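Report on the structure given below.
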Amino acid sequence: MRNAPRVGALAASLPLSVVLAGTALASGSPDDGPPRSNGLTTVETLGLLIGIPVLVIVVIWLLVYATNRPSGERYRPGLSWWAAPEWFNGPGSVESGSTDEQQETTAELESAPIEGVGGARARW
Amino acid sequence: MALVPAGEAFTPRQRESIDRAIRQAMQQTDLRFSVFVGALEGDARVRAEALLAGLGDDAPRAVLIAVDPAARALEIVTGTLAKRLLDDYACGLGALAMTTQFAAGDLAGGIVSGLRTLGEHARSPRVLHVEQS
């Protein structure tokens with residue numbers, strides 16, 4: 001999965017942060033420096049070091065996937081096409097009509113081709 | 001015909017952009033542009049010409065763009081009058097503009113840029129001296 005490196009990095013950072021937090025707490029003594037309030041507990045340290053990054057990651061992930069959803073790209077080259085036929089500006093309409101009418105006109109318009117037409121064809 | 005519709009081909013926004021491109025192309029020219037997106041059974045060319053004939057009285061001055069996404073086939077058919085303003089070379093340019101984006105998966109965008117290309121090339125008729133033709 002694509003998230004595997006992220007999960008691995010988070011898991012690897014967990015023991016490291018515990019060790020660092022432990023040494024920081026152990027070195028604190030009331031004699032050096034101004035009197036401090038009770039230091040961060042292990043849970044708070046873990047929350048700061050891991051919770052906030054995880055929160056940021058989740059927020060960014062949500063933002064990316066919420067704003068980048070495949071709203072328009074419904075066609076994939078090489079895959080099958082199941083959508084109903086559509087005829088824009090087809091017969092009997094200046095603008096495109098409803099799909100049902102288009103299907104009816106599509107079915108009944110098996111008329112003979114006109115001679116002397118031009119154009120081009122292409123494949124992709 | 002065992003065609004079972006299973007969803008819309010375009011989003012409303014894509015549909016609107018295609019309609020707008022058709023309107024712009026028709027304002028630039030005296031031609032009637034029409035876009036068909038669906039299966040072209042059998043010979044795609046024959047089918048596309050039959051679709052053009054289905055436009056009735058507008059068929060001679062119509063330009064039909066027929067796209068078959070499943071078969072990856074594109075057919076541009078110009079009517080007998082329309083091909084004077086839009087020759088086969090210009091249609092080839094339009095087809096190239098479309099298939100480039102089709103291959104990237106952008107069906108609606110390809111149709112819009114194809115309509116734009118065709119509309120721009122149809123504005124200036126190549127045959128200015130009709131008596132020589």
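The values are calculated or read from the model by the stated rules, or taken from the named source; none is laboratory data. Keep in mind it's a predicted model, so treat the numbers as computed, not measured. Cβ coordinates were reconstructed from backbone atoms using ideal geometry, including for glycine residues, and neighbour counts include every protein chain displayed.
Quick notes on this structure:
- Failed item in (1) surrounded by 10 or more Cβ atoms within 10 Å (Cβ to Cβ); (2) modelled with pLDDT of 80 or more, with A:ALA66 passing the rest: (1)
Residue-wise test of (1) surrounded by 15 or more Cβ atoms within 10 Å (Cβ to Cβ); (2) over 30 Å from A:GLY78 (Cβ atoms); (3) at pLDDT below 90; (4) under 14 Å from the mean Cα position of the chain (by Cα).
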residue	(1), (2), (3), (4)
B:GLY42	no, no, yes, no
B:ASP57	no, yes, yes, no
B:MET98	yes, no, no, yes
B:GLN101	yes, no, no, no
B:ASP106	yes, no, yes, no
B:GLY109	yes, no, no, yes
B:GLN132	no, yes, yes, no
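- Filtering region B:20-39 to residues that are within 16 Å of B:LEU64 (Cβ to Cβ) and part of a helix (DSSP H, G or I) leaves B:ALA21, B:ILE22, B:ALA25, B:MET26.
- Scanning region B:52-59 finds one or more residues that are more than 7 Å from chain A (Cβ to nearest Cβ), without any contact (Cβ under 8 Å) to a residue 12 or more places away in the chain and either more than 14 Å from A:TRP87 (Cα to Cα) or in contact with a Lys or Arg (Cβ under 7 Å, 6 or more places away or on another chain) (or both).
- Condition check for B:ALA95: in a helix (DSSP H, G or I), more than 8 Å from chain A (Cβ to nearest Cβ) and not basic (Lys, Arg): no
Conditions tested, residue by residue: (1) at the interface with chain A (Cβ under 7 Å from one of its Cβ atoms); (2) out of contact with any Cys (no Cβ under 6 Å at 6 or more places or on another chain).
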residue: B:GLY38; (1), (2): yes, yes
residue: B:LEU64; (1), (2): no, yes
residue: B:ALA73; (1), (2): yes, yes
residue: B:ILE76; (1), (2): yes, no
residue: B:THR80; (1), (2): yes, yes
residue: B:TYR89; (1), (2): no, yes
residue: B:PHE102; (1), (2): yes, yes
residue: B:ARG116; (1), (2): no, yes
residue: B:GLU120; (1), (2): no, yes
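- Only one of the listed residues (B:GLU49, B:GLU120) is within 14 Å of A:ALA120 (Cα to Cα) and acidic (Asp, Glu). That residue is B:GLU49.
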